[in-house]
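The values are calculated or read from the model by the stated rules, or taken from the named source; none is laboratory data. These figures come from a predicted structure and were not determined experimentally. No Cβ is skipped: glycine too gets one built from the backbone with ideal geometry, and neighbour counts run over all protein chains shown. We work out accessible area using only protein heavy atoms, side chains counted, and drop any ligands, DNA or RNA first. Shrake-Rupley method; radii C 1.70, N 1.55, O 1.52, S 1.80 Å.
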Amino acid sequence: MFRWLNLLLLLVCFIKYRETTTVGNILIHVTGQKGENATLPCNIEARDIFHVILTSQSKNIPVCENEECESGRAFKKGSCDIIIKDLIFSDAGKYILRVHYTNTPEPQMEYHLQIHDDISVKKGEPLKLDVLLSNADKVERNSSEGWTEVWTRGHGVNSDRLTDHDGNLIINEFTANDTGTYRVLDSEGETLITVSVTGERTSVDDFKECSSLKYRVHKSGHPYVKFP
């Protein structure tokens, strides 16, 4: 009698353990362009999936059943792929996707979403980068000397030409020396955001180039080029 009770108790414990066990995490890196869509791939067959839960920084992210839903920017595609629409910088970071089946273990996948953008700025104008996220640890710029820090959490900016205000890193007067790639890293050294910044030509630049060309043509005496 006691033997059967012990076997029954072991069976109950085994079933309880199986119901609470989860599959090991799989880290997937995803890169998306600001303003476009990014896909968090699930790669799980559709077998009695009744819902998915997406979280980021301990917050639940609403996931719509299709793209037509207007209650959020994340929706499910296929069995459990997640599409995030109209990417913004604050979407960057870690995501955890839990796929819930009926009476089976719940696979869990972890993603790191990196967002890229391209910006062109006129010389002399301010450049505002809204990249100082709550999970940002530092900002670096790639130059001829390699990656150099321009902002760090707890210390702020490292130059009088830069300001840190309301989540924005601001270059007060943009110059040619400010061009390059800027990247935002989290506390684990993972890249959250990359921004490629180029200088935009101004009317002053065009005037200087035109004046220089006129001078060179005048000195050369070329008869086929005329200027008003």
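Inside region 123-156, residues that are assigned to a strand (DSSP E or B) and open to solvent by 80 Å² or more (accessible area, probe 1.4 Å) make up a count of 3. Taking region 100-122 as the range and being modelled with pLDDT under 85 and surrounded by 18 or more Cβ atoms within 10 Å (Cβ to Cβ) as the test, only Pro107 passes. Checked against the criterion of being loosely packed, with under 10 Cβ neighbours inside 10 Å and either at pLDDT 85 or above or of a type in the set (Asp, Glu) (or both), region 32-41 has no qualifying residue. Can you say whether Asp137 is over 26 Å from Asn43 (Cβ atoms), of a type outside the set (A, V, I, L, M, F, W, C) and touching a helix residue (DSSP H, G or I) at 6+ places or on another chain (Cβ under 7 Å), as far as the supplied structure shows? The answer is no for Asp137. Applying the set (1) closer than 25 Å to Asp117 by Cα; (2) open to solvent by less than 40 Å² (accessible area, probe 1.4 Å) to Arg73 leaves exactly one unmet item: (2).
Which of the following residues is out of contact with any helix residue (DSSP H, G or I) (no Cβ under 9 Å at 6 or more places or on another chain) and open to solvent by 50 Å² or more (accessible area, probe 1.4 Å): Ser58, Ser79?
From the options Ser58, Ser79, the qualifying one is Ser58.
Can you report the number of residues in region 162-177 which are open to solvent by less than 90 Å² (accessible area, probe 1.4 Å) and not in a strand (DSSP E or B)? Residues flagged as open to solvent by less than 90 Å² (accessible area, probe 1.4 Å) and not in a strand (DSSP E or B) within region 162-177 amount to 5.
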